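This report refers to the structure that appears directly beneath it.
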Ligand code: KG4
Ligand code: ZN
């Protein structure tokens, strides 16, 4: 193998995806994904309308071993070929995080390889650099089932949170609206599908925190407004459902556009020298076409280079954990085998906590 190359096994078990991947980092910092295996437990949790932590932890125990074997096999490597073992150490559902982290510790210990205990959010934050050589600093918008936040990614291990949700995560809001309408879990894709045939002007839902001079989000009032409309309608026709979905999506889109404008202003104040900052949008909600249009428009209006990783790297996966591990290893940031799993672990440790930040959602 070439000098300076590293091969990292990544393990992700913080929510309802059991995942293992092997990533190669070249001496120059470019990445190659050698394998990326994800087992979704969606079907196990669907009857409960959300993720059940005990079911998730048990499923990770049952499948992780095999998935790691598959990831190593597809990469054509043996454990002794690895340069490090990375696992999500938080934030997330504690039982699941413990399963993955303990497995990583076992492999690291038995093979005498460095352990890389990765913050799941750092995995999302650095995914852009797994795809292409994006220079620091850049702007990250993370919109998933458990998190909704803007971060300035200053460097590996250096994050500055510009704003976060003060209540529900955006994906959670989509899921709750879907549940109100009887559309099943996960709700985001269902809401999007129904919204396509709906009249977005039929219901005037609130645009939470619009115009505020910070970058925070709030979605619980919007969800309550949707609930009131749905209850007021009584029995829902297909058209009612479509109109509620379209009106909800329109409120979210306008809110996002407003918050994004604020985030760009704050980014430019912090880094006036960066001519065309990259905007990375990560998390499952980034798959939404209506919102993608908002990001594309905002990027051209504000002079940003938009990067939306493909869905398999945008939603929870182990390649992003392996890559964050590779970036950390390159800087000598390895971890002690005694490191503990954490349910809560904000990326930006200097920030004063906001209720909802780094919180345990259905997913991180
Ligand atoms: O990133 P993700 O797969 O898991 C984590 O939360 O980490 O995100 C899942 C969330 C769910 O809340 C799901 O409803 C939402 O992303 N989602 C969407 C869409 N696809 C997934 N929300 C809106 N529109 C979509 N097309
Ligand atoms: Zn995630």
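Entry note, the chain: relative contact order of 26 percent, from Cα contacts under 8 Å with a spacing of 6+ residues.
Length gained on full extension, residue 78 to residue 293, computed as 0.36 nm times the residue gap minus the Cα-Cα distance: 73.0 nm. The shape of the stretch 101-162 comes out prolate: with a ≥ b ≥ c from the C-alpha gyration tensor, a/c is at least 1.5 and a/b beats b/c.
Determine the shape class of the stretch 138-310: with a ≥ b ≥ c the square roots of the Cα gyration tensor eigenvalues, call it rounded for a/c under 1.5, and otherwise prolate if a/b is greater than b/c, oblate otherwise. Numbers along the way, then the final one.
Working: a/c = 2.12, a/b = 2.08, b/c = 1.02.
Judged from the Cα gyration tensor, the stretch 138-310 comes out prolate (a/c at least 1.5, a/b above b/c).
Scattering from the chain was approximated by placing one identical point on each alpha carbon and applying the Debye formula without solvent; log10 I(q)/I(0) at 0.10, 0.11, 0.12 1/Å stands at -0.60, -0.72, -0.85. What whole-number distance in Å separates the alpha-carbon centres of the stretch 276-315 and the stretch 11-29? Between the Cα centres of the stretch 276-315 and the stretch 11-29 lies a distance of 22 Å. Calculated [222 nm] ellipticity per residue, helices only, for the chain: -13500 deg cm²/dmol; basis is -39500 (n - 2.57) per DSSP H run with n ≥ 4, divided by all residues, nearest 500. The order of the peptides 36-44, 278-286, 86-94 by mean Cβ neighbours within 10 Å, most packed first, is 86-94, 278-286, 36-44.
What residue among 125, 20, 251 has the largest mean-square fluctuation in a Gaussian network model of the chain, using Cα springs under 10 Å? Highest fluctuation of the listed residues: 251.
Rounded, prolate or oblate: which one fits the stretch 202-287, using the alpha carbon gyration tensor with axes a ≥ b ≥ c (rounded when a/c is under 1.5, else prolate when a/b beats b/c, else oblate)?
Details: a/c = 3.70, a/b = 2.42, b/c = 1.53.
Cα axes put the stretch 202-287 in the prolate bin.
Against the main long axis of the alpha-carbon atoms of the chain, helix 53-75 sits at an angle near 50°. Going by alpha carbons, how many degrees (0 to 90, nearest 10) lie between the helix axis of 94-111 and the longest principal axis of the chain? Roughly 20 degrees, rounded to the nearest 10.
For the pair the stretch 60-119 and the stretch 146-165, the centres of their Cα atoms are 26 angstrom apart. Using a Gaussian network model of the chain in which every pair of alpha carbons under 10 angstrom is joined by a spring, one finds that among 96, 69, 187 the greatest mean-square fluctuation is at 69. Measure nothing but the geometry: give the 0 to 90° angle between the long axis through the Cα atoms of 220-233 and the longest principal axis through the Cα atoms of the chain, rounded to 10°. With rounding to tens, the tilt is 50 degrees. Projected onto planes of every orientation and averaged, the convex hull of the alpha-carbon atoms in the stretch 108-231 covers 11.3 nm².
If both residues of a DSSP beta bridge must be in the chain, then about 65% of such bridges are antiparallel.
Springs between Cα atoms under 10 Å define the GNM used for the chain, and in it the highest mean-square fluctuation of 331, 181, 141 occurs at 331.
Taking the beta-carbon count within 10 Å as an exposure proxy, list 16, 168 from fewest neighbours to most.
Values: 16 27, 168 23.
If I rank by nearby Cβ atoms, fewest first, I get 168, 16.
Here, each number is a calculation from the coordinates, and none is a lab measurement. On a predicted model such as this, the values are computed, not experimentally measured, just so you know. A quick note on method: Cβ atoms are made from the backbone with ideal geometry, for glycine too, and the neighbour counts reach across all protein chains shown.
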